[in-house]
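**Q** Provided herewith is a single structure, encoded as structure tokens, for subsequent inquiry.
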Amino acid sequence: MNLSPRLKVIGTFQFISLADIILILIIFFLLASTFIIQPGIKVDLPKALSPEREGEKNILITITKEGNLYLNQRLIDWKHFPSSLYREILKRPDPMIILYADASIPLQTAVRVLDVAKGAGAKRLLIATRAE
């Protein structure tokens, strides 16, 4: 009797399939993740160890390196700033004033804005920074 030898099948792991799955997962997580982008005016914030997050009831004040003043993303004149800020404070219960000041502006300008905010009735003031 003549028997033919059996072919042995060697089991191999298909790494190409695994690589495809990993690539698809990476693409999925990149697309599904949220990117934190601060909306609005571009300023170079000073660094700090513990950055704060802003909420809906906050009032945002931004000072650009050119010296432009923004109140909640709206360009505002310096002479109208105290009255506009006072109206914004009245709209919100216990708002937090967040100052986004470019790192290159004089400190006196930032202090002036914070003094106006205190005079308008703000109790909680915060200077925004970027993490080191």
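**Q** Suppose we filter region 95-110 for residues that are surrounded by 12 or more Cβ atoms within 10 Å (Cβ to Cβ) and assigned to a helix (DSSP H, G or I); how many remain?
**A** Of the residues in region 95-110, 2 are surrounded by 12 or more Cβ atoms within 10 Å (Cβ to Cβ) and assigned to a helix (DSSP H, G or I).
**Q** Restricting to region 87-132, what's the tally of residues that are in contact with an Asp or Glu (Cβ under 7 Å, 6 or more places away or on another chain), among the acidic types (D, E) and over 15 Å from T64 (Cα atoms)?
**A** 0
**Q** Something else: Looking at (1) acidic (D, E); (2) in a loop (DSSP other than H, G, I, E, B); (3) at pLDDT 80 or above, which is the one condition that is false for E56?
**A** Just one mismatch for E56, condition (3).
The values are calculated or read from the model by the stated rules, or taken from the named source; none is laboratory data. Not measured: the values here are computed from a predicted model. Backbone-built Cβ (ideal geometry, glycine too); neighbour counts: all protein chains shown.
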